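Note sheet for the following structure.
The values are calculated or read from the model by the stated rules, or taken from the named source; none is laboratory data. In this text, all values refer to a predicted model and were calculated from it rather than measured experimentally. Neighbour counts run over all protein chains shown; Cβ positions are idealised from the backbone, glycine included. Surface accessibility is based on the protein's heavy atoms, side chains included, excluding ligands, DNA and RNA. Shrake-Rupley method; radii C 1.70, N 1.55, O 1.52, S 1.80 Å.
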Amino acid sequence: MKIKGWKEVFKFSFTQQIRTKSFIIGTIVIALIVAIMAFLADFLPVIFLSDELDKIERAAGGEDVFTVDTMYLSNETDYDFDFSSVLSDGNITVKSVTSEEAEAKTKEIADTTEKAVVTKITLDDSGFAVDTRYAAGKADIAKGDVEALNAVLTDTIKKQYLMKLGVAEADLGLAMSNVRSSFSSAGQEPVGFVQQMLNTIVPMISSIVLFVFIFSYSQMVAQSIAIEKSSRVIEYLLTSIKPLAIILGKVLAMCCVSLLQFILIGLGGVVGFVVSLPFGIISKIGPMLGSAAEQVQTAASGAESGAVEVVGGITEAFSHLDASVFIIMFVTFILGFLFFAGIAGLAGASVSKMEDLSSAIQPLSLIGVLGFYLAYFPQITGEENTMSLVARYIPISSPFILPSDYMLGKIDLMSALIAVAILAAADIVIMMIVAKVYEGVILHTGNRLKFSDMLKMSK
Amino acid sequence: MSLVVEHLSKKFGDHIAVEDLSFSIEKPGVFAFLGTNGAGKSTSIRMILGMLSKDSGSVTWNGKPLDIMTEKVGYLAEERGLYPKYNIMEQMYYFASIKGMKKKAATAAIDYLFSRLKIEEYKKKKAEQLSKGNQQKVQLAAALLCNPEIIILDEPLSGLDPVNADLFKSIIREERDSGKYIIMSSHQMETIEEFCEDLVLLHRGKTVMQGNLNDIKRARGRENLTVKADKPIGDIAERCGLTLVEETPNGSSFKVKSEEDAGRMLKEMLDNGINVIKFDLREPSLHELFVEKCGGEVNED
């Protein structure tokens, strides 16, 4: 069936919509906000994790990761501990001092550039205690290095104390190791903390963003049709083109406007990220990811590296990104838009006065909000559950959740295609109803029509 | 070329909106499509234009079903509209594009029509910034944009001041003289009489009068008599079998059964030395025919 005139409707509706102040200002403001957020998301960790990053970079380059050259040690316990052999790998010289000398050294290093720390080891009823003082200012000693040093000292104290108690050296590793514990849902692969967080956050943000873009622009279809009816322009249009051409052109135009705004805002994010690249955390850690990440962490002498964990987790979570992800996202967006815009078109056609529009789109709002909650709430747990399984196959919710589920690898390509096929089938049904009903009611004037009235009129 | 409407019918539920409407326009000119409010005129026009499905009947142009997607048809709807927030020129280009016009041809047509309608200065304004009359001019320009062969004008002069009404009339005359087939619906009977030779009159969806206006009037004969005299004439009128319709300062109006009765009335007045100031025996006006056919049970829906 050839539908004459839909291209002209599309062109006019698209052009008029993108020239509205609300579109221009809204797009610029939101794109700017997204650009700033993208920049800060990449840049702020560099400020807050500067010490750690510095250490990781040096470790990756095979350098000595410690900024400490000398440790003045005041052992105030009755036990002898040998730290020299342990710390020689980090090129740290251990110098034993008395308690009084330690006090004096503490004052001394505060005003010098000597890369030295003063460490006191004490013992009381609650156990051993390691207290290390360092000069953060002039000597430029990284706090993370002091933490790592303390970790090595406490580890050594434990080991050597256990050996004094008679534990064989071969058993030390087991005796010192932490007992690891984990839990996860049966039938699912255990995931890391960061990835689990992403599995929760990404779908939630994604469902909100998609809901806003799909749903708000669907409502604009209803508004646009209601304007044409209330201003009686529709009578003129129908002397040249069929009602189906009008709604088709309008729906596709709004879909493209929505996509355009989505892309422009996304570009804002890309620009913000690109601008941040020379200074951001991704460029600093990115090249060292994968197997290198573990080496870096090892090279950092066992100190926990949050930055490596976060960036590594993000890389793992988005490792499924390929062309099919973008195709599924694009197709789902279009189909989801057609679904809601089709319903919106009927809502718009049911009124002949603008003041009736808000009540006419109530059913659409209910369907949309229900779909959104179906998509949103199952994501709070970050794990697969019955509700999330159902939500991705129901046409009212699948447009909001399917893209992120596929992007994060929660579902395979076949499952995604099945969900897309169900959505496409729902679109066909909606469009058939629209085609049948719209023509019958488009010239209706008077009170708002109920759906049952619309069906009667279309017979 | 001819536009033929045959046995057009439409029902909305149990309500018969249009019943067996038939007429034809065999030659260029202005055809009057009349009716009371809610008589089914707009429904009929929408069916003719193919906007509304018909239950039965056909509309043919040159012997083929009329297809407004391919034929050039201009329509000025009774309830006119423009996009209130959009630039007038952009709307005109949009209307031209859905009529299949290229931009160059559209520009030429818009320039001519806006100049003819004296609204050139409003091209870049929004519709909501224009007066109702100027919006109406833009609408007429939109209807004539594609140089249509068939033009349907639904209440083209309503709401216009006398100057603009004359402007519209001159344009309608131009279109008529250039060989267009025009269907005009109006409640201004003087305008219809000024332009139309043939008509159809609808009442409650049914055709109650149809044909050539002059023929209809001639068939009815001169049955309206208006008399103004310097003395009372009631007794004479009664003796002559005249029925008093109304008395106004301009004289008394009577219905006469035959022109002979009117002649006797005049003779008696003169014989009785009555000074006759006005004696006007005429055919019924379209207004009178309209009221006679539709009066008393007007559908106000």
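Please work out if A:Lys120 is open to solvent by 70 Å² or more (accessible area, probe 1.4 Å) and either touching a helix residue (DSSP H, G or I) at 6+ places or on another chain (Cβ under 7 Å) or closer than 18 Å to A:Ser84 by Cβ (or both). Outline the logic, then answer.
Numbers: open to solvent by 70 Å² or more (accessible area, probe 1.4 Å): no; either touching a helix residue (DSSP H, G or I) at 6+ places or on another chain (Cβ under 7 Å) or closer than 18 Å to A:Ser84 by Cβ (or both): yes.
Taking the combined requirement at face value, the residue does not satisfy it.
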message: For the list (1) part of a loop (DSSP other than H, G, I, E, B); (2) open to solvent by 100 Å² or more (accessible area, probe 1.4 Å), I need the number of the one condition that B:Gly273 fails.
response: (2)
field: Unmet criterion (only one of (1) more than 8 Å from every other protein chain (Cβ to nearest Cβ); (2) open to solvent by less than 60 Å² (accessible area, probe 1.4 Å); (3) closer than 26 Å to B:Gly211 by Cα; (4) not β-branched (Val, Ile, Thr)) for B:Ala77
entry: (1)
Members of segment B:136-145 found to be more than 16 Å from B:Pro84 (Cα to Cα) and either open to solvent by 10 Å² or more (accessible area, probe 1.4 Å) or in contact with an Asp or Glu (Cβ under 6 Å, 6 or more places away or on another chain) (or both), listed by number: B:Leu144
message: Taking the condition of being within 8 Å of another protein chain (Cβ to nearest Cβ) and surrounded by 16 or more Cβ atoms within 10 Å (Cβ to Cβ), how many residues in segment B:80-90 meet it?
response: 6
message: For segment B:91-126, which positions are in a helix (DSSP H, G or I), open to solvent by less than 20 Å² (accessible area, probe 1.4 Å) and touching a helix residue (DSSP H, G or I) at 6+ places or on another chain (Cβ under 6 Å)?
response: B:Met92, B:Tyr94, B:Phe95, B:Ala96, B:Ile98, B:Ala106, B:Ile110, B:Leu113, B:Phe114
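Can you pull out every residue in segment A:383-393 that is surrounded by fewer than 19 Cβ atoms within 10 Å (Cβ to Cβ) and in contact (Cβ under 8 Å) with a residue 24 or more places away in the chain?
To start, the set of residues in segment A:383-393 that are surrounded by fewer than 19 Cβ atoms within 10 Å (Cβ to Cβ) comprises A:383-387, A:389-390, A:393.
If the condition is that a residue be surrounded by fewer than 19 Cβ atoms within 10 Å (Cβ to Cβ) and in contact (Cβ under 8 Å) with a residue 24 or more places away in the chain, then A:Glu383, A:Glu384, A:Tyr393 are the ones that fit.
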Residue that is nearest to the other protein chains (Cβ to nearest Cβ) [pool: residues in segment A:1-23 that are without any contact (Cβ under 8 Å) to a residue 12 or more places away in the chain and over 37 Å from the mean Cα position of the chain (by Cα)]: A:Lys2
- prompt: Among the residues of segment A:103-114, is any in contact with a Leu (Cβ under 7 Å, 6 or more places away or on another chain), surrounded by 15 or more Cβ atoms within 10 Å (Cβ to Cβ) and hydrophobic (A, V, I, L, M, F, W, C)?
  reply: no
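What's the total number of residues in segment A:333-348 that are more than 19 Å from the chain's Cα centre (by Cα) and over 16 Å from A:Met431 (Cβ atoms)? Talk me through it step by step, then tell me what you get.
Let us first name the residues in segment A:333-348 that are more than 19 Å from the chain's Cα centre (by Cα), namely A:334-348.
Restricting the remaining residues to those that are over 16 Å from A:Met431 (Cβ atoms) gives none.
Matching residues across segment A:333-348 total 0.
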field: Residue, farthest from B:Ser9 (Cα to Cα), within segment B:51-60, restricted to residues that are within 22 Å of the chain's Cα centre (by Cα) and within 14 Å of chain A (Cβ to nearest Cβ)
entry: B:Met51
message: Residue under question is A:Ile141, and the condition is that it be closer than 14 Å to A:Tyr79 by Cβ and either open to solvent by less than 10 Å² (accessible area, probe 1.4 Å) or assigned to a loop (DSSP other than H, G, I, E, B) (or both); does it hold?
response: no
Candidates A:Ser324, A:Ser358, A:Ser352, filtered to the one that is among the small types (Gly, Ala, Ser) and free of Cβ contacts under 8 Å to residues at least 24 places away in the same chain: A:Ser358
task: Report, by residue number, each residue of segment A:404-414 that is in contact (Cβ under 8 Å) with a residue 12 or more places away in the chain and open to solvent by 10 Å² or more (accessible area, probe 1.4 Å).
output: A:Tyr406, A:Met407, A:Gly409, A:Lys410, A:Ile411, A:Leu413
- prompt: Is it the case that some residue within segment B:173-187 is away from chain A (no Cβ under 13 Å), in contact with a Phe, Trp or Tyr (Cβ under 9 Å, 6 or more places away or on another chain), crowded, with 19+ Cβ neighbours inside 10 Å and without any contact (Cβ under 8 Å) to a residue 60 or more places away in the chain?
  reply: no
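Condition check ((1) more than 14 Å from chain B (Cβ to nearest Cβ); (2) farther than 20 Å from A:Ser352 by Cα; (3) crowded, with 23+ Cβ neighbours inside 10 Å) across all residues:
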| position | (1), (2), (3) |
| --- | --- |
| A:Pro203 | yes, yes, yes |
| A:Ser207 | yes, yes, yes |
| A:Phe213 | yes, yes, no |
| A:Leu238 | no, no, yes |
| A:Ile246 | no, no, yes |
| A:Ala253 | no, yes, yes |
| A:Cys256 | yes, yes, no |
| A:Val271 | yes, yes, no |
message: For a quick check of your reading of the model, give me the residue pairs whose first member lies in segment A:443-459 and is more than 20 Å from B:Gly50 (Cα to Cα), whose second is of a type in the set (A, V, I, L, M) and modelled with pLDDT under 70, with beta-carbon atoms closer than 8 Å and at least 6 apart or on different chains.
response: A:Leu449/A:Met457
message: For segment B:26-43, give me each residue that is within 14 Å of chain A (Cβ to nearest Cβ), more than 12 Å from B:Leu201 (Cα to Cα) and not in a loop (DSSP other than H, G, I, E, B).
response: B:Ser42, B:Thr43
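Is it true that B:Thr36 is open to solvent by less than 30 Å² (accessible area, probe 1.4 Å), among the hydroxyl-bearing types (Ser, Thr, Tyr) and closer than 28 Å to A:Leu244 by Cβ? Full working, then the answer.
Working: open to solvent by less than 30 Å² (accessible area, probe 1.4 Å): yes; among the hydroxyl-bearing types (Ser, Thr, Tyr): yes; closer than 28 Å to A:Leu244 by Cβ: no.
No; evaluated as a whole, the condition is false for this residue.
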